[in-house]
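The values are calculated or read from the model by the stated rules, or taken from the named source; none is laboratory data. Here the structure is a predicted model, which means the values were calculated and not measured. Counting neighbours? That spans all protein chains shown, and the Cβs are built from the backbone with ideal geometry, glycine included. To get the accessible areas, we keep the full protein, side chains included, count just its heavy atoms, and leave off ligands, DNA and RNA. Shrake-Rupley method; radii C 1.70, N 1.55, O 1.52, S 1.80 Å.
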Amino acid sequence: MKPKIILNFKKDYTILNFSKPPVNSFCIDSLKLLIKNIDKTNPDKALVITCNGTIFSAGIDLFLIEKINKADFKYLISLFEELIQKIISHPSLTFTILNGHAIAGGFILASSTDFILSKDGNHKIGLNPDLLNVSLPALPSAILKLKYKKEANKLLSKNTVNNFIITNSHIKKTTKPFQYIKTKLKKTDRLLLKRKNTLLEKLTSYNKEKYEKDNDIFFKEWWSKHSIESRKNVLTKLRSKI
């Protein structure tokens with residue numbers, strides 16, 4: 001189905017509601033739409049990202065990328081990195097409200113916001129890179145390393161995708177996410193914004209040094225014989241469940 005976005009402009013924040021059934025996956029069109037709509041938001045107001053359905057996002061559409069050429073795949077990754085760069089760079093506070101599982105690119109998108117909120121601790125949230133036998137693109141890799149630090153190593157575990165939300169202090173469980181957001185915005189201080197800017201500065205510095213190298217490694221791994229075979233196996237399993 002075609003992606004759809006609804007922007008809801010509130011007094012102190014803008015809600016960006018993304019929908020692309022059944023798992024809110026990312027493709028070239030959906031990433032372009034997300035970028036276009038983030039550009040419409042007020043940089044002086046907080047940004048709240050959520051999705052429709054029972055899954056926040058399963059990340060990049062694996063069925064789609066098996067059909068596109070190398071140039072289009074690189075373009076898709078560049079769009080995804082542009083999207084999360086815009087979220088990280090948003091001057092005001094940013095929030096994710098999870099409506100369900102956030103896997104792979106969905107988790108990375110959520111991690112690019114300042115706060116991740118969840119009503120239900122049973123959501124699966126994390127990465128599963130072992131399934132595809134690849135590293136991460138440069139910008140997502142930098143975000144996870146800088147934001148989760150020592151905990152970033154846990155993200156490489158297959159079991160982590162089931163329990164990361166329980167063990168990670170970055171994810172706030174709340175039955176009233178919008179009340180939490182309003183309270184947080186009232187208490188926003190210079191220290192909080194300074195931490196946000198410090199993360200952005202570190203991210204910029206990290207990517208100046210390692211961006212091209214990390215992305216070269218990622219693309220080489222993605223198109224390696226071993227990774228291609230791993231993706232075929234994953235897609236075969238996914239098709240059997242549809």
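On the principal axes of its alpha carbon atoms, region 1-66 extends 41, 23, 15 Å, with the longest extent given first.
Across the chain, the relative contact order, built from alpha-carbon pairs under 8 Å that are at least six residues apart, equals 17 percent. What a 1.4 Å probe finds exposed on the chain is 53% carbon and sulfur by accessible area, rounded to a whole percent. Which percent, to the nearest 5, of DSSP beta bridges fully inside the chain are antiparallel? Around 20 percent of the beta bridges assigned by DSSP in the chain are antiparallel ones. Label-to-label distance for Asn153 and Asn233 is 2.6 nm, based on points extended 7 Å past Cα in the beta-carbon direction. Applying the Karplus relation 6.51 cos²θ - 1.76 cosθ + 1.60 with θ = phi - 60° to region 79-92 yields 3J(HN,Hα) values of 5, 5, 5, 4, 4, 6, 5, 5, 5, 4, 7, 4, x, 8 Hz, where x marks Gly and Pro. For the residue pairs Lys4/Lys154; Lys40/Lys124; Lys86/Lys187; Lys149/Lys187; Lys74/Lys172, alpha carbon separations beyond 28 Å are given by Lys4/Lys154; Lys40/Lys124; Lys74/Lys172. Across the cross-link table entries Lys208/Lys237; Lys11/Lys208; Lys20/Lys225; Lys20/Lys232, which are compared at the Cα atoms, the separations over 29 Å belong to Lys208/Lys237; Lys11/Lys208; Lys20/Lys225.
Since only Leu31, Leu98, Leu185 are under comparison, the one whose Cα sits farthest along the positive direction of the charge dipole of the chain, derived from C-beta charges on Lys, Arg, Asp and Glu, is Leu185. Please work out whether region 76-121 counts as rounded, prolate or oblate from its C-alpha gyration tensor, where a ≥ b ≥ c are the square roots of the eigenvalues and a/c under 1.5 means rounded, while otherwise a/b larger than b/c means prolate and anything else oblate? Judged from the Cα gyration tensor, region 76-121 comes out oblate (a/c at least 1.5, b/c at or above a/b). Rounded to the nearest 20, the size of the Cβ-charge dipole of region 1-157 about its Cα centre is 160 debye, with Lys and Arg at +1 and Asp and Glu at -1. Here the label points at Asn37 and Lys187, each 7 Å from Cα along the C-beta direction, are separated by 3.0 nm in the simple model.
Given R0 = 30 Å, the distance between the Cβ atoms of Asn52 and Leu199 translates into a calculated FRET efficiency of 0.55.
A crude spin-label estimate for the pair Lys74 and Lys119, with each label 7 Å from Cα along the Cβ direction, gives 4.3 nm.
Averaged over residues, the count of other Cβ atoms within 10 Å places the peptides 74-86, 188-200, 23-35 in the sequence 23-35, 74-86, 188-200, highest first.
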